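Below you'll find the structure, written out as structure tokens, and then a few comments.
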Amino acid sequence: MPRWFYQLASPKYFYQMTEGWALWLGVVTAILFTVGLAWGLVWAPIDAQQGEAFRIIYVHVPAAFMSLGVYVFIVINAVIYWVWRIKVADILAASAAVLGAWFTVITLVTGMLWGKPMWGAWWLWDPRLTFELILLFCYIGYIALRNAISQPERAAQISGLWIMIGVVNVPIIHYSVEWWNSIHQGPSINILGESTIHASMYYPLLLMLAAFGFYFITVLLIKARTLCLQREMSASWLKELDNDDART
Amino acid sequence: MINLLRYQLLLAFRQRGELLYGVWFFLLIISLFPLAITPEKEILSLIAPGAIWIAAVLATLLVLPQLFITDFTDGSLEQWLLSPRSTLGLLMLKTTAHWLVSALPLLIFTPLCGLLLYLPFEQIIILWLTLLLGTPTLSLFGGIAVALTVGLRQGGILLALLVLPLYIPVLIFASSAVIASSNGLSALPHLALLAALLLFSLCFTPYITTQALRLAMR
Amino acid sequence: MMQELNTFFAMQGYGVYIWSSVLLTIGILLGNVCYARKQLRNAQQISKEKP
């Protein structure tokens, strides 16, 4: 393992090493977003059944993917912290939480805005949206738990244990929601229409996925660097910042 | 072991009035449903299993902090963790005592509530079975959350935020059991799933709760 | 030209939904970036003041 890999584990080195990264990542993100959105909204063909409303997919699906991906990211970091006590892992988990929650909110709201023209109703208790809503509750619980504990180490351990339990429950919740939906509503509505998606619709989707991914890394870095600074300072100073506005 | 269980129950029964608070709360919530929705028979009998389960979840949530809080405040929790006896065993005893105190009264009053909400007799039985299988799972999962949040501010609502997503599968399987029986289908697969959840939580939660307690007490 | 632009924005009548989704998403994402950067600047400020 190269030396810089080990050094990344310390907040101080992490902060110093990632000095200019956010800027370049931000530029890449902006480019990916522009190209992806333009392609998806202007040039991509429209769906035979859903018409132009299909274009919401270019925002809805990447957000949904990220909402789940960030949750897994947090769990991985929680495990790394649990086993090896690497501080940066916990900082990354803490920084990712609010972002993941917002991705879930975007998924839900764009899902509603997609549902209204497609199904005629703002909200439907279909398995995916219901699961997404419960995922949002899981995020909020994790964030609330972190915020309730002031010492970083205790917060890391307690919330880490909770999210690891949560990840076991997430498949159970997913399965039970599908079960519940199949009992009450019959075969679930297939959001994406045809299961194989045409190439000309596939590429802009990939671009948007990449755009969301790079966006996540960019903002994650900014938040992580903020946390590094805050935790490096002495405890009394940290309490002072705690009272102002420090969240995540 | 039996003595310890008796001791836990003695602690709970010392304040006999407080025991029944959970029951009164349960009955109150049940009464809110017809008041808030409609007293019509068809609708009430439809929502009855869900309403009773929601009331049970809320009642369990209310009693859950008592699992550890008195021991936490008087310091005996730390003694337990340090004692040479297996913490696992002690924990199982506390959880059992908690379940006996909180869920058993609910089980006794469920037939009455089923009657109040016009639930047919066979479905009351199925509902009762789901409560029997489901409430221990609620206590076990809740135990982890209480262990993690013992002594934190905003304890009650934080506890609810954490634990309610975990309760959702139990709720789903329980209500689908009753609905299946109302449609004439067998409730057995749903009850089996509830039993599976119970076994799963019995296997894993005691160890996790012990870990959580050790974390919280540091 | 204006006609084509109008047709584009209308998106077969679904325009409201599509554009509100896109604008909301961009708004939330930009808001998060700005908030994060503001927090970082605050932290850097405070770390400079404290020796």
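The values are calculated or read from the model by the stated rules, or taken from the named source; none is laboratory data. Just so it is clear, the model here is predicted, and its values are computed rather than measured. Please note: Cβ atoms are built from the backbone with ideal geometry, for glycine as well, and neighbour counts cover all protein chains shown.
For this structure, a couple of remarks:
- The residues of region C:5-51 that are surrounded by fewer than 13 Cβ atoms within 10 Å (Cβ to Cβ), under 11 Å from the mean Cα position of the chain (by Cα) and at the interface with chain A (Cβ under 9 Å from one of its Cβ atoms) amount to a single one, C:GLY31.
- In the set B:ALA195, B:ALA180, B:ALA174, only one residue is touching a Phe, Trp or Tyr at 6+ places or on another chain (Cβ under 7 Å) and in a helix (DSSP H, G or I); that residue is B:ALA174.
- Complete set of residues in region B:168-187 that are more than 7 Å from chain A (Cβ to nearest Cβ), under 29 Å from B:GLN211 (Cα atoms) and surrounded by fewer than 24 Cβ atoms within 10 Å (Cβ to Cβ): B:LEU171
- Search result, residues across region B:188-218 that are surrounded by fewer than 15 Cβ atoms within 10 Å (Cβ to Cβ) and under 15 Å from B:LEU148 (Cα atoms): B:TYR207, B:ARG214, B:ARG218
- Evaluation of B:GLY151 against the conditions (1) in a helix (DSSP H, G or I); (2) surrounded by fewer than 19 Cβ atoms within 10 Å (Cβ to Cβ) shows that the sole unmet condition is (1).
Conditions tested, residue by residue: (1) over 23 Å from the mean Cα position of the chain (by Cα); (2) hydrophobic (A, V, I, L, M, F, W, C).
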| position | (1), (2) |
| --- | --- |
| A:PRO11 | no, no |
| A:GLU19 | yes, no |
| A:LEU37 | no, yes |
| A:TYR58 | no, no |
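- B:LEU62, sole failed condition from (1) modelled with pLDDT of 85 or more; (2) under 20 Å from the mean Cα position of the chain (by Cα): (1)
- Residue within region A:179-199 that is facing chain B (nearest Cβ under 10 Å), modelled with pLDDT of 80 or more, surrounded by fewer than 20 Cβ atoms within 10 Å (Cβ to Cβ) and touching a Ser or Thr at 6+ places or on another chain (Cβ under 9 Å) present: yes
- Inter-residue pairs, beta-carbon under 9 Å, first over 13 Å from A:LEU205 (Cα atoms) and in region A:62-79, second charged (D, E, K, R), 6+ apart: A:SER67/A:GLU132; A:LEU68/A:GLU132; A:ASN77/A:ASP90; A:ALA78/A:ASP90
- The condition of being in a helix (DSSP H, G or I) and surrounded by 21 or more Cβ atoms within 10 Å (Cβ to Cβ) holds for only one of B:ILE124, B:ILE157, that being B:ILE124.
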